[in-house]
Amino acid sequence: MNERRTVRISKYLAKHLRHQPERLGITLDKAGWVPVAVLLDACARNGFPITRDELDHVVAVNDKRRYAFDDSGERIRASQGHSVPVDLDLPVVEPPAVLYHGTVGASLAAIKAEGLRPMNRQSVHLSPDRETAETVGARRGRPVILVVDAARMAADGHEFRVSANGVWLAPAVPPEYLNLPG
């Protein structure tokens, strides 16, 4: 499959598995899963047919591993990033001492005042390394990398979870746990 088709399918899946399943006519279960057959049928009904081979390819090659099949391979979900209510049933885990968040300079004033908030998502997304945070921040302009004192947050009772694709999730990051520029 060509790269352009792979990207189009991935974006289509993100829209419907993370944000607007109802527009495709599918219902995610409480953990965000939908049967693969139901998804593929809905895609076809909505004028964007995807084959099972294409779906398998997109899940396998997505550099951010945004999607996952269940153990049976018969259900699929987005690994994180939902704006619709789902419970990914991820256990609370001890984070590394430091995590990172990529943003842009225009967001710094609000972050200094309020910390990191999930905005339209269910959780704040944090990266395990600076390079990933730079890539994330660069999507909206020149990246600014924030360092999160995850060890101190955890010691103070804040919970962390890690998604299947290695993205660290927290309900919020108060400003006192951020190393902010300027």
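Bear in mind these aren't lab numbers, they're just calculated from the coordinates by the rules spelled out. Everything numeric in this text was worked out from a predicted model, so none of it was measured. Reconstructed Cβ throughout: ideal geometry from the backbone, glycine too, with neighbour counts over all protein chains shown.
Shape call for segment 120-182 from the C-alpha gyration tensor, a ≥ b ≥ c root eigenvalues: rounded (a/c under 1.5), prolate (a/b greater than b/c) or oblate? Oblate is the answer for segment 120-182, as a/c is 1.5 or above yet b/c matches or exceeds a/b.
Restricting segment 1-81 to trypsin sites (Lys or Arg not before Pro) that sit in a DSSP loop and have at most 14 other Cβ atoms within 10 Å of their own Cβ leaves Lys30. Below 8 Å between Cα atoms, with a sequence gap of 6+, how large is the relative contact order for the chain in percent? It rounds to 21 percent for the chain. Computed extension gain for Thr51 through Arg140, at 0.36 nm per residue and net of the alpha carbon distance, reaches 28.8 nm. Residues Ser10, Ser83, arranged from fewest to most other Cβ atoms within 10 angstrom of their Cβ, appear as Ser83, Ser10. Relative contact order of segment 99-182, taken over Cα pairs closer than 8 Å and 6 or more residues apart, is 41 percent.
Farthest towards the positive end of the charge dipole of segment 3-78, among the residues Ile50, Leu40, His16, is the Cα of His16, using unit charges on the Cβ of Lys, Arg, Asp and Glu. Taking amide H positions as modeled 1.01 Å from N, with prolines and chain starts lacking one, the residues under 5 Å from Gly32 and 5 or more places away or on another chain are Asp87. Compute the FRET efficiency between Val147 and Met1 as 1/(1 + (r/R0)^6), taking r as their Cβ-Cβ distance and R0 = 25 Å, and round to the nearest 0.05. FRET efficiency, Val147 to Met1: 0.05. Sequentially through segment 109-118, phi angles give Karplus couplings (6.51, -1.76, 1.60; θ = phi - 60°) of 4, 5, 5, 4, 7, 10, x, 8, 10, x Hz, Gly and Pro residues having no value and appearing as x.
For segment 124-138, the residues whose amide N sits under 14 Å from a probe point set 7 Å from the Cα of Arg65 along the beta carbon direction are 128-129. The charge dipole of segment 98-179, taken about its Cα centre with unit charges on the Cβ of Lys, Arg, Asp and Glu (plus for the first two, minus for the last two), comes to roughly 320 debye.
For the chain, a Gaussian network of Cα nodes joined below 10 Å ranks Val136, Val144, Val93 by mean-square fluctuation, and the top entry is Val93. Rounded is the label for segment 3-78. Its Cα gyration tensor axes, ordered a ≥ b ≥ c, give a/c under 1.5.
What is the chain by shape, rounded, prolate or oblate, if you read a ≥ b ≥ c off the alpha carbon gyration tensor as root eigenvalues and call it rounded for a/c under 1.5, prolate for a/b larger than b/c, and oblate otherwise? Prolate is the answer for the chain, as a/c is 1.5 or above and a/b outweighs b/c. Taking amide H as placed 1.01 Å from N in the peptide plane, the amide H of Tyr100 sits under 5 Å from that of Ser127, Asp129, Val148, each at least 5 places away or on another chain. Amide H contacts of Tyr67 (H built 1.01 Å from N, in plane; Pro and chain starts excluded): Ser79 sit under 5 Å, all sequence-distant by 5 or more or on other chains. Coupling constants for segment 5-17 follow from the phi torsions by the Karplus curve (6.51 cos²θ - 1.76 cosθ + 1.60, θ = phi - 60°), and in residue order they are 5, 4, 5, 4, 5, 4, 5, 4, 5, 4, 4, 9, 8 Hz; glycine and proline get x.
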